[in-house]
Amino acid sequence: MAKVEIEVPECPEYPIIPRLKEGMMAHSKPYIAVEKFQHELGFPGELPENWQEAALDKMQDLLGKYRSFQVYLDSCVKCGACTDKCHYFLGTADPKNMPVARQDLLRKVYRRYFTLAGKYFPKLVGAVDLTKDVLDDWYSYYHQCSQCRRCSVFCPYGIDTAEISMAAREILASVGMGQKYCNEIIGKVFKIGNNLGLPEPALKDTLEGLEEDIFDETNVAVRLPLDEKGADILLITPSADFFAEPHVDGLMGYAKVFHESGVSWTISSYASEGANFGMFIGSYENMRRVAMRIRKAAEDLGVKRIMFGECGHAWRVGYSFLNTLAGPFDFLDPNYPVPQHICEFTYDLIQKDKLVFDKSENDEHVVTFHDSCNVARATRMGPKPGGQFTIPRAILKTVCNNYVDMDADTIHDATFCCGGGGGLLTDDLMEIRVKGAMPRMTALKKIVDEDKVTTLVAICAICKSQFIKTLPYYGMQMYMMHSLHQLVSSALVMQRLTEPADDSESESSDD
């Protein structure tokens, strides 16, 4: 795979605060969405003549809707606790990529128009007018935030830069400056049902091909059902799982686990997509439209529960917002949480000794795990706090003999972002993606050198796609990236040769 020529930052022994390089990334901007997709999302197709008034009206609307937004803008005391916590600042040295400085791009305008001091004494409080140059700065630097929320873990006031970035992007979209990557993907979901624009015949053909692949490997007829009414489980998974390695290997792993457990399940061609890019652009209305497709699919197919595959922000939206966006889900089986994560399902089966593994099948791997930001800092799994950290690792240690963690201050809720989240996984932002990956690559490279780690595992489609592209820049092989259920699939001993049983034989409640 050809690499774009980028000045790759060196990996220090530990990411330290770099010497500042003013304006280093001012040139970095994603492509703007075309008029067609802007209109589909309810936004203007280009910058209107009254753009300043429209932007301030949108800011006022968001301040009225979300109390947290105003609290975050008012409460920062510039203590500096966040300055060295952002992977993009560490990788670029651009001071506007310090979380506090990035927040201030919007905060200065907020103070100018929405505070008494800013209206009458703007210079005293650092308030500025909303000009086209300021708007351009927003478009550049708010697309240099992956909304990973690492800075919020270290902020003594709990200020969430992600919410400020989301608000800024929604304001930008509302004046015709929506990002091409995010907004066009949302449009595809509305039209087809997934981020790829993959129609039902192509999806069906893909799933049939994977059934053949599994049969060739195991001599067991494992089904990947599509649009089957009355199934127990509706699987909502990222569309990357349908077409690319290592994602597709994870999907085959889900199918094998479902088969061995004896449950019935299905994918929906109407709502085949787990990802919800409405969150990345801060648009509650578009988040809700995407989420309502999942509800409709669940109702139409008559399933008992909804389960999410390996996608970080899909799980965040599912875990944190799904009931608010599309609930109540009182038509589902109350014995199960809404939604469930595939890792919760697999872990429960392991705990009940319902799966058999041959760990030696993965002996070629020395494995480490990357905690994906949206899973680590915005969700949990299972009945106990911290399950989002312990459950994936417990599964890996069940299916692998060789496991190593990265340094303690770079994992769990202090995990470094992959560098490609938050709507930045697009080639027009390759430079910021590569530089933003540096802190994670530093921690990974250390255990590759010291512990001979060969395999990096994540349960997020964006993380997997990002690492495949960025690993070679740091002297590591793209093929070391694996899905968690890819390793589950390799070690799983297929004992059940029959078709999935009816619900009376399904595995019992996970709670």
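The values are calculated or read from the model by the stated rules, or taken from the named source; none is laboratory data. Since we're looking at a predicted model, the values are computed, not measured. A quick note on method: Cβ atoms are made from the backbone with ideal geometry, for glycine too, and the neighbour counts reach across all protein chains shown.
Please indicate, with yes or no, whether at least one residue in segment 266-283 is among the hydroxyl-bearing types (Ser, Thr, Tyr), assigned to a loop (DSSP other than H, G, I, E, B), farther than 23 Å from residue 299 by Cβ and in contact (Cβ under 8 Å) with a residue 24 or more places away in the chain. Walk me through it before giving the result.
Quick first cut of segment 266-283, residues among the hydroxyl-bearing types (Ser, Thr, Tyr) only: 266, 268-270, 272, 283.
Filter once more, keeping what is assigned to a loop (DSSP other than H, G, I, E, B): 268-270, 272, 283.
Adding the requirement that they be farther than 23 Å from residue 299 by Cβ leaves 283.
Filter once more, keeping what is in contact (Cβ under 8 Å) with a residue 24 or more places away in the chain: 283.
Checked against the condition, which is being among the hydroxyl-bearing types (Ser, Thr, Tyr), assigned to a loop (DSSP other than H, G, I, E, B), farther than 23 Å from residue 299 by Cβ and in contact (Cβ under 8 Å) with a residue 24 or more places away in the chain, segment 266-283 yields at least one hit.
Of the residues that make up segment 43-55, is at least one outside any loop (DSSP other than H, G, I, E, B), in contact with a Pro (Cβ under 8 Å, 6 or more places away or on another chain), outside the structural domain of residue 429 (by TED's automatic domain parsing) and not charged (D, E, K, R)?
Yes, there is a match, as at least one residue in segment 43-55 is outside any loop (DSSP other than H, G, I, E, B), in contact with a Pro (Cβ under 8 Å, 6 or more places away or on another chain), outside the structural domain of residue 429 (by TED's automatic domain parsing) and not charged (D, E, K, R).
Select from segment 188-208 the residues that are of a type in the set (A, V, I, L, M) and not in a helix (DSSP H, G or I) and write down the one among them that is nearest to residue 311 (Cα to Cα).
196
I'd like the full set of residues that are surrounded by 15 or more Cβ atoms within 10 Å (Cβ to Cβ), touching a residue at least 40 places away in the same chain (Cβ under 8 Å) and small (Gly, Ala, Ser), limited to segment 180-238.
Result: 187, 193, 231.
Only one of these is closer than 27 Å to residue 437 by Cα and touching a residue at least 40 places away in the same chain (Cβ under 8 Å): 90, 63, 73, 56. Name it.
Just a single option satisfies the conditions, and that option is 90.
If you check 449, 405, which single one turns out to be over 30 Å from residue 165 (Cα atoms), assigned to a loop (DSSP other than H, G, I, E, B) and modelled with pLDDT of 95 or more?
Exactly one of 449, 405 is over 30 Å from residue 165 (Cα atoms), assigned to a loop (DSSP other than H, G, I, E, B) and modelled with pLDDT of 95 or more, namely 405.
Within segment 264-299, count every residue that is surrounded by fewer than 24 Cβ atoms within 10 Å (Cβ to Cβ) and touching a Pro at 6+ places or on another chain (Cβ under 6 Å).
Matching residues across segment 264-299 total 2.
Can residue 58 be described as over 20 Å from residue 283 (Cβ atoms) and part of a helix (DSSP H, G or I)?
Against the criterion (over 20 Å from residue 283 (Cβ atoms) and part of a helix (DSSP H, G or I)), residue 58 does not qualify.
Kindly establish whether residue 393 is under 19 Å from residue 308 (Cα atoms) and part of a loop (DSSP other than H, G, I, E, B). It would help to see each step written out before you state the result.
Details: under 19 Å from residue 308 (Cα atoms): yes; part of a loop (DSSP other than H, G, I, E, B): no.
It is false that residue 393 is under 19 Å from residue 308 (Cα atoms) and part of a loop (DSSP other than H, G, I, E, B).
How about segment 312-365: which of its residues are closer than 20 Å to residue 391 by Cα, among the charged types (D, E, K, R) and in a helix (DSSP H, G or I)?
Within segment 312-365, 316, 344, 348, 359 qualify.
Among the residues of segment 243-263, which ones are of a type in the set (Asp, Glu) and outside any helix (DSSP H, G or I)?
Once the filter is applied, which keeps residues that are of a type in the set (Asp, Glu) and outside any helix (DSSP H, G or I), segment 243-263 yields only 245.
Among the residues in segment 95-106, are any assigned to a helix (DSSP H, G or I), among the β-branched types (Val, Ile, Thr) and free of Cβ contacts under 8 Å to residues at least 60 places away in the same chain?
Yes, segment 95-106 contains at least one residue that is assigned to a helix (DSSP H, G or I), among the β-branched types (Val, Ile, Thr) and free of Cβ contacts under 8 Å to residues at least 60 places away in the same chain.
Exactly one of these conditions fails for residue 303: (1) farther than 24 Å from residue 399 by Cβ; (2) among the β-branched types (Val, Ile, Thr); (3) touching a residue at least 12 places away in the same chain (Cβ under 8 Å); (4) in a helix (DSSP H, G or I). Give me its number.
Unmet for residue 303, out of (1) farther than 24 Å from residue 399 by Cβ; (2) among the β-branched types (Val, Ile, Thr); (3) touching a residue at least 12 places away in the same chain (Cβ under 8 Å); (4) in a helix (DSSP H, G or I): (4).
Test each condition in (1) of a type outside the set (S, T, N, Q); (2) over 22 Å from residue 42 (Cβ atoms); (3) part of a loop (DSSP other than H, G, I, E, B) for residue 177 and report the one that comes out false.
Checking residue 177 against (1) of a type outside the set (S, T, N, Q); (2) over 22 Å from residue 42 (Cβ atoms); (3) part of a loop (DSSP other than H, G, I, E, B), the one that fails is (2).
I'm checking my understanding of the structure. Among residues of segment 23-45 that are of a type in the set (D, E, K, R) and modelled with pLDDT under 95, which one is surrounded by the most Cβ atoms within 10 Å (Cβ to Cβ)?
So, considering only residues that are of a type in the set (D, E, K, R) and modelled with pLDDT under 95, the one surrounded by the most Cβ atoms within 10 Å (Cβ to Cβ) is 40.
Can you confirm whether segment 422-436 contains a residue that is of a type in the set (Ser, Thr, Tyr) and over 19 Å from the mean Cα position of the chain (by Cα)?
No, there is no match, as no residue in segment 422-436 is of a type in the set (Ser, Thr, Tyr) and over 19 Å from the mean Cα position of the chain (by Cα).
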